[in-house]
Amino acid sequence: MNIAIIGSGYVGLVTGVCLAQIGHKVSCVDVDEEKIGKLKQGKVPIYEPGLGELLKKNLKNKRLTFTTSIREATRKSTAIFIAVGTPSKKNGDADLTYVENVARQIAVNMNGYKLIIEKSTVPAETGKRVARTIKMNLPRKQKLDFDVASNPEFLREGSAVHDFMNPDRVVIGVESKKAELLFREIYKPLKPDMVVTNISSAELIKHASNSFLAAKISFMNSISQVCERLGADVLKVAEGMGFDKRIGRAFLNAGIGYGGSCFPKDVDAFIRISEKSGYDFSMLKEVRKVNEEQKTFFVRLIEDKLWIVKNKVIGVLGLAFKPDTDDMRSAPSIDIINALLQEGAKIKAYDPVAMPNARKILKKIVYGKDPYEVAKGCDCLLLLTEWDEFRKLDFKKIEALMKQPILFDGRNLYHDMGLEKIGFEYYGVGRGDRHVNDVGA
Ligand code: UDX
Ligand code: UDX
């Protein structure tokens with residue numbers, strides 16, 4: 001099928017490249033000319049494992065093209081995915097300016113039947129508004145048929161290609177049989193379990209799923225607080241809970257809280273959507289509060305153990321909101337580092353791929369060329385993103401390089417490595433060493 005993807009960011013690009021890989025002819029569109037220029041040359045502007053090879057392969061076989069023209073892509077496509085950004089407004093509402101603008105541009109350029117699909121995470125009822133916008137902007141005198149549909153994405157950054165190719169389910173919200181059949185054709189090569197429903201339910205499935213996962217993490221972060229105080233080990237608690245099939249082990253990792261472009265934004269948006277509908281989703285407000293507090297607890301622990309933070313040199317391993325991505329959006333590292341800078345600490349940091357993005361946000365810190373350069377002369381080290389390469393470091397060397405061998409492990413990455421035995425003062429999250437009591441948190 002001929003398919004257009006409007007918005008070639010983390011979500012749109014992965015979707016476009018993977019749809020080409022499974023056999024469709026895909027035109028990816030973006031307003032960013034520089035980005036489109038790079039993509040045309042087979043250069044991926046983001047870090048996403050596996051995406052580069054598929055991009056090059058499908059450029060070569062001409063199933064994938066890039067353009068800045070919505071007109072060109074619309075006219076040659078039957079299905080059009082909207083995957084432009086939906087940033088948060090100050091009050092938590094999703095800003096749908098880009099979505100509206102794209103809907104209008106699709107409408108004025110239509111030349112036949114089109115299936116217009118929301119891929120961006122949008123509040124329930126956006127589908128209706130998109131349909132109305134298109135209807136109002138269709139070329140006059142022409143009777144053009146179209147369907148609007150919702151097809152939320154569930155891709156995790158860092159494993160987005162794998163997630164696309166092996167979906168747990170494909171959710172589609174449709175209002176016509178024709179739209180449903182087109183979706184079935186699009187996704188046929190993947191043979192997925194399909195959940196077919198109306199547009200509002202599909203939109204809600206996305207918000208409900210992400211909020212539920214965020215709640216699972218915050219629940220475990222609260223458990224980690226109790227563990228600290230009662231001498232229990234959150235890792236064993238998670239293991240014990242996770243064996244129960246009704247609970248499952250995934251997303252039970254306590255740490256410094258969730259970040260990224262989805263969970264914080266979607267929880268905020270879902271709280272607002274519920275509020276506007278007349279329901280106070282207080283449980284989700286607590287999920288958000290626990291997530292914020294988790295970072296504060298971590299900073300308080302560091303302050304307590306260092307005693308005086310002012311002028312101390314603090315090394316940071318990992319800046320991205322999670323491993324295998326260069327994405328810094330709502331990364332917990334930002335709040336933690338800013339709080340320590342506020343106290344007068346000097347920060348040195350290293351991340352395998354996120355440093356170019358981090359430099360735009362964290363301007364008052366020094367960036368190291370590797371973990372050893374960061375560790376040199378430090379009063380303590382913080383592990384903030386659990387990159388695999390950080391497990392393989394030479395810790396005897398790091399211990400020798402540091403001024404004081406204190407390690408705060410925000411992701412429990414080193415829980416089983418016996419770092420205490422080689423001289424480290426080691427603190428994980430929720431490991432029952434009661435240190436939170438000491439700081440009166
Ligand atoms: C976006 C949404 O933010 C998210 O809610 C949704 O679930 C998926 O799409 P993401 O792909 O991570 O997420 O955003 P981003 O990487 O910022 O990509 C958006 C792209 O759209 C950018 O490349 C931007 O240049 C482009 N864009 C934006 C357009 O092409 N046209 C516009 O009018 C606005
Ligand atoms: C998420 C959803 O998983 C995906 O389905 C959706 O479409 C987009 O949002 P993503 O943000 O890429 O994906 O990453 P994810 O792996 O879900 O992690 C989100 C955050 O939660 C990260 O900051 C991660 O460190 C944190 N997390 C995750 C925990 O703190 N504990 C866990 O147990 C799992």
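The values are calculated or read from the model by the stated rules, or taken from the named source; none is laboratory data. As the structure is a computational prediction, the values presented were derived from the model and not from experiment. Positions of Cβ are backbone-derived with ideal geometry, glycine not excepted, and every protein chain shown enters the neighbour counts. Note: areas computed on protein heavy atoms with side chains; ligands, DNA, RNA excluded. Shrake-Rupley method; radii C 1.70, N 1.55, O 1.52, S 1.80 Å.
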Checklist entry - Can you pull the accessible area of Met165 for me, 1.4 Å probe, Å² to the nearest 10? => result 50
Checklist entry - With contacts defined as alpha carbon pairs under 8 Å and 6 or more residues apart, what's the relative contact order of segment 88-155 in percent? => result 42
Checklist entry - Leaving out ligands, DNA and RNA, what percent of the accessible area of segment 204-441 is carbon and sulfur, probe 1.4 Å? => result 55
Next on the checklist: What three numbers, in Å, describe the spread of the alpha carbons of segment 102-152 along their principal axes, ordered from the longest?
Outcome noted: 32, 16, 14
Checklist entry - So how strong a dipole does segment 64-203 carry about its Cα centre when Lys and Arg Cβ are +1 and Asp and Glu Cβ are -1, to the nearest 20 debye? => result 720
Checklist outcome for this item: Under a 1.4 Å probe, counting only protein heavy atoms, Glu373 has an accessible area in Å², nearest 10, of 80
Checklist entry - In the calculated pair distance distribution of segment 112-186, what percentage of Cα-Cα distances lie above 14 Å? => result 66
Checklist entry - With every protein chain left in place, what is the accessible area of Glu303 in Å² (1.4 Å probe, nearest 10)? => result 50
Checklist entry - segment 325-352 to segment 12-52: how many Å between their Cα centroids? => result 30
Checklist entry - trypsin sites (Lys or Arg not before Pro), restricted to segment 26-70: which are DSSP loop and have at most 15 other Cβ atoms within 10 Å? => result Lys43, Lys62
Checklist outcome for this item: With all protein chains present and a 1.4 Å probe, the order of Arg288, Arg129, Arg411 from largest accessible area down is Arg129, Arg288, Arg411
Item to check | Over the chain, relative contact order from alpha-carbon pairs under 8 Å, at least 6 apart, % | outcome: 13
Checklist outcome for this item: Computed over segment 264-336, the distribution of all Cα-Cα distances in 5 Å bins, rounded to whole %, is 3, 13, 17, 18, 16, 14, 9, 6, 3, 1
Checklist entry - Where does segment 333-388 land on Rg(C-alpha)/(2.2 N^0.38 Å)? => result 1.06
Checklist entry - Which distance in Å, rounded to a whole number, links the C-alpha centroids of segment 92-169 and segment 175-229? => result 17
Checklist entry - What number, in percent, do you get for the relative contact order of segment 65-125 if the mean sequence gap of Cα pairs under 8 Å and at least 6 apart is divided by its residue count? => result 45
Item to check | Kirkwood Rh and Cα Rg combined as Rg over Rh, evaluated for segment 177-231 | outcome: 1.31
Item to check | Fully extended contour minus Cα-Cα distance, from Glu239 to Glu53, at 0.36 nm per residue | outcome: 63.3 nm
Item to check | Sequence of Ser209, Ser224 from largest to smallest accessible area, 1.4 Å probe | outcome: Ser209, Ser224
Checklist outcome for this item: So the pair-distance distribution of the chain, from every Cα-Cα distance in 10 Å bins, comes to percents of 4, 20, 28, 23, 16, 8, 2, 0
Next on the checklist: 5 Å is the cut-off here: which amide hydrogens, built 1.01 Å from N in the peptide plane, fall below it relative to Phe81, excluding neighbours closer than 5 in sequence?
Outcome noted: Ala4, Ile5, Ile6, Ile117
Checklist entry - What FRET efficiency, computed as 1/(1 + (r/R0)^6) with R0 = 30 Å and r the Cβ-Cβ distance, is obtained for Met1 and Arg140, rounded to the nearest 0.05? => result 0.60
Checklist entry - Quick one: Cα convex hull volume of segment 2-197, Å³ per residue? => result 115
Next on the checklist: Between Leu230 and Lys376, how high is the FRET efficiency from 1/(1 + (r/R0)^6) when r is the Cβ-Cβ distance and R₀ = 30 Å? Nearest 0.05.
Outcome noted: 0.20
Checklist entry - Solvent-accessible area per residue for the chain at a 1.4 Å probe radius, Å²? => result 46
Checklist entry - So who's got an amide H within less than 5 Å of the one on Phe66, skipping anything under 5 residues away but keeping other chains? H placed 1.01 Å off N, in plane. => result Cys28
Checklist outcome for this item: Taking a label point 7 Å from the Cα of Ser201 along Cα-to-Cβ, the residues of segment 139-179 whose backbone nitrogen sits under 12 Å from it are 172-175
Checklist entry - So, how do all the Cα-to-Cα distances of segment 204-441 break down into 5 Å bins, in percent, from 0 on up? => result 1, 7, 14, 18, 19, 17, 12, 7, 3, 1, 0, 0
Next on the checklist: Students often get this wrong: which residues of segment 271-290 have the backbone nitrogen under 17 Å from the point 7 angstrom along Cα-to-C-beta of Arg129?
Outcome noted: 271-278
Next on the checklist: Using a 7 Å offset from the Cα along the Cα-to-Cβ direction at both Asp304 and Lys276, what is the distance between the two label points in nm, to one decimal?
Outcome noted: 4.2
Next on the checklist: Treating segment 21-84 as a set of equal point scatterers at the Cα positions, no solvent, please give the Debye-formula log₁₀ I(q)/I(0) at q = 0.15 Å⁻¹.
Outcome noted: -0.45
Item to check | At R0 = 60 Å, FRET efficiency that the Cβ-Cβ distance of Glu185 and Asn311 yields, to 0.05 | outcome: 0.40
Checklist entry - What helices does the chain hold that run 20 Å or longer along their axis, going by alpha-carbon atoms, with a Kyte-Doolittle average of -0.5 or more, using DSSP H for the helix calls? => result 199-230
Checklist outcome for this item: For the pair Asp394 and Arg246, the simple spin-label estimate (label points 7 Å beyond Cα toward Cβ) gives in nm 5.2
